[in-house]
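What follows is a set of notes on a single structure, which appears directly below.
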Amino acid sequence: MKIIYILGLAHSGSTVVNIMLSKYPDAIGVGETYAVLSEKKVSFERTHNFCSCGRNLDECEFWSCYLRWQQKNRERSYEEKYRFLLKVVSNYNKNVVIDSSKNIWMLENIKKLEEKKEIDLRVIFLIRDVRGWAASRYDLAKAGRKKVKFYPVYF
């Protein structure tokens, strides 16, 4: 199975890229998997509660299957959780997974599957003009929705 992993900063256009790439018949966009797999309360783009189908994750046919499994398997490694996620994807007869997690540590976990030759991994690194990114972060802070934080990205 092919994985297209989108890496970059928040507000860099990853959601749009995910939606565009998932329009291919053989592809499925799974959004920010790191938020669901790690059970984070908030994802980078604040989309952690909803699937791209528009439903809550626990109402979505795809994610509800994974969430039921996750409740019984919370102590599993990210590698095992991602492997099960790919099993769910295979039920949809899709061969390409678009993951817009943007998170470097999640990518490191996915690379373990690539090293075992279980997946074919491709990475898209999004770079947005820092002025536009800073402006969007400033607007969020000004609206009181988020504190301005700058996260280091290591390569």
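The figures follow:
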item: Ordering of 10-18, 91-99 by burial proxy (mean other Cβ atoms within 10 Å per residue, highest first); result: 10-18, 91-99
item: Unit charges on C-beta of K, R, D, E only; dipole of region 70-146, Debye; result: 320 debye
item: Approximate spin-label separation Y138-K23, in nm, with each point projected 7 Å along Cα-to-Cβ; result: 3.2 nm
item: Region 61-108 shape via C-alpha gyration tensor axes, a/c threshold 1.5; result: oblate
item: Nonlocal amide H pairs with D120, under 5 Å, H built at 1.01 Å; result: K2, I3
item: Simple Cβ-charge dipole of region 65-109, Lys/Arg +1 and Asp/Glu -1, about Cα centre, in debye nearest 20; result: 240 debye
item: Cα gyration tensor shape of region 82-130, rounded if a/c is under 1.5, else prolate or oblate by comparing a/b with b/c; result: prolate
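Read-outs: derived from the displayed coordinates by stated rules, not from any lab. The model shown is predicted, which means the values in this text are computed figures rather than measured ones. Neighbour counts are summed over all protein chains in view; Cβ atoms, including those assigned to glycine, are modelled from backbone coordinates with ideal geometry.
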